[in-house]
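Below is one structure, written out as structure tokens; comments come after it.
The values are calculated or read from the model by the stated rules, or taken from the named source; none is laboratory data. Just so it is clear, the model here is predicted, and its values are computed rather than measured. All Cβ positions, glycine included, derive from the backbone under ideal geometry; neighbour counts span all protein chains shown.
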Amino acid sequence: MPKTASKTPLKLWIAGARLRTLPLAIAPVAVGAGAAAATQAFDPALALLALAVALFLQIGVNFANDYSDGIRGTDADRVGPLRLTGSGSTKPKAVKYAAFLFFALAALAGLVIVVLTQFWWLLAVGAVAIVAAWFYTGGKSPYGYAGFGEIAVFVFFGLVATMGTAFIQIGNWDQLSLLGGIAGGFFASAVLMVNNIRDIENDAKVGKRTLAVKLGRRLAKGLFFSMIWLPFLLLVPFVLIYPLTALAYAAVLLILPTTLIVATATTAKELILALKLTSFAALAYALLLGWGLAV
């Protein structure tokens with residue numbers, strides 16, 4: 001169980017928010033904004049609002065997972081960063097209310113977007129995103145415990161976030177944000193996959209049937225490698241039209257050591273490092289791709 005004695009309440013909450021996951025919220029917005037700029041439709045106010053939605057939703061998901069996994073006992077013997085509920089450092093209700101607070105902030109930012117753009121149907125998209133965020137590990141039958149987490153992450157932190165960011169600025173759907181959303185979805189799913197590979201033994205023991213548990217360590221690693229390398233294949237059509245997007249290939253410098261680490265890992269700490277590298281690779285790829293589209 002994580003040691004919490006040396007942490008102040010503020011540090012506990014910061015640790016519980018899992019700020020290291022925030023690159024996955026920033027990445028799709030960067031690509032979506034770049035796609036909008038490529039069509040001369042970039043709106044900084046709308047882009048910042050989309051970023052707020054993504055960041056608040058990501059933090060809300062983190063607290064919701066902390067609460068739901070904690071009360072189920074899933075995090076009792078976990079390896080990795082602090083969990084507020086599972087460690088007993090914070091009352092479960094406080095963690096649940098924190099999740100609700102950030103979901104509300106995401107909803108508020110989303111409502112401002114709807115009012116500004118008059119795309120009222122986006123309210124339904126936002127509602128579905130929040131419901132999906134809660135029931136990933138919450139409720140009686142969480143889909144994250146049935147192996148569907150990677151699919152949900154691919155959809156919401158890949159396609160929806162990227163295409164949504166572009167759509168509210170451009171006013172219609174475009175192929176740039178679709179391809180970028182697919183690439184970002186692979187990276188986001190890869191982060192979840194390597195996290196679940198790390199926890200595979202404990203998750204199997206407590207009945208959490210993640211995709212990694214269902215596939216087994218060897219196949220899960222193979223799928224992870226596909227997820228982190230496919231975005232570079234998807235980069236080819238971007239480079240043919242927008243040559244400066246080739247800079248996104250620099251993210252390979254983070255993916256190469258990640259591949260080696262996961263292929264040879266024997267400890268949870270090594271997989272935690274791989275998770276961090278994958279997250280930063282996703283951010284680097286997205287920022288460079290978005291910049292290459294914008295200039």
Exactly one of ALA220, ALA132 is small (Gly, Ala, Ser), within 19 Å of LEU51 (Cα to Cα) and not in a loop (DSSP other than H, G, I, E, B), and that one is ALA132
ASN202 fails exactly one of (1) farther than 26 Å from LEU48 by Cα; (2) in contact with a helix residue (DSSP H, G or I) (Cβ under 8 Å, 6 or more places away or on another chain); (3) in a helix (DSSP H, G or I), namely (2)
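Yes or no: GLY138 under 20 Å from the mean Cα position of the chain (by Cα) and outside any helix (DSSP H, G or I)?
Numbers: under 20 Å from the mean Cα position of the chain (by Cα): yes; outside any helix (DSSP H, G or I): yes.
The answer is yes for GLY138.
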Given (1) in contact (Cβ under 8 Å) with a residue 40 or more places away in the chain; (2) surrounded by 16 or more Cβ atoms within 10 Å (Cβ to Cβ), LEU116 misses just (2)
Over segment 257-291, the set of residues assigned to a helix (DSSP H, G or I) and of a type outside the set (A, V, I, L, M, F, W, C) is PRO257, THR258, THR259, THR264, LYS269, GLU270, LYS276, THR278, SER279, TYR285, GLY290
Only one of THR266, THR278 is surrounded by fewer than 20 Cβ atoms within 10 Å (Cβ to Cβ) and either among the polar types (S, T, N, Q) or within 19 Å of GLY181 (Cα to Cα) (or both), namely THR266
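Among the residues of segment 136-151, write down those that are touching a Gly at 6+ places or on another chain (Cβ under 8 Å) and surrounded by fewer than 21 Cβ atoms within 10 Å (Cβ to Cβ).
Step one: filter segment 136-151 for residues touching a Gly at 6+ places or on another chain (Cβ under 8 Å), giving 136-137, 143, 145.
Residue satisfying the conditions is TYR143 alone.
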LEU287 meets each of (1) farther than 23 Å from ALA33 by Cα; (2) at pLDDT 95 or above with one exception, condition (1)
Condition set more than 28 Å from ALA146 (Cβ to Cβ) and touching a Phe, Trp or Tyr at 6+ places or on another chain (Cβ under 7 Å), scope segment 215-243, selection surrounded by the fewest Cβ atoms within 10 Å (Cβ to Cβ): answer is PHE232
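Can you tell me which residue within segment 152-178, out of those that are among the small types (Gly, Ala, Ser) and touching a residue at least 60 places away in the same chain (Cβ under 8 Å), is surrounded by the most Cβ atoms within 10 Å (Cβ to Cβ)? Give the steps one after another, and end with the answer.
Pass one, segment 152-178, residues among the small types (Gly, Ala, Ser): 152, 158, 161, 164, 166, 171, 177.
Next cut, touching a residue at least 60 places away in the same chain (Cβ under 8 Å) only: 158, 161, 164, 166, 171, 177.
Working: GLY158: 24, ALA161: 31, GLY164: 26, ALA166: 34, GLY171: 13, SER177: 30.
Looking at residues that are among the small types (Gly, Ala, Ser) and touching a residue at least 60 places away in the same chain (Cβ under 8 Å), I get ALA166.
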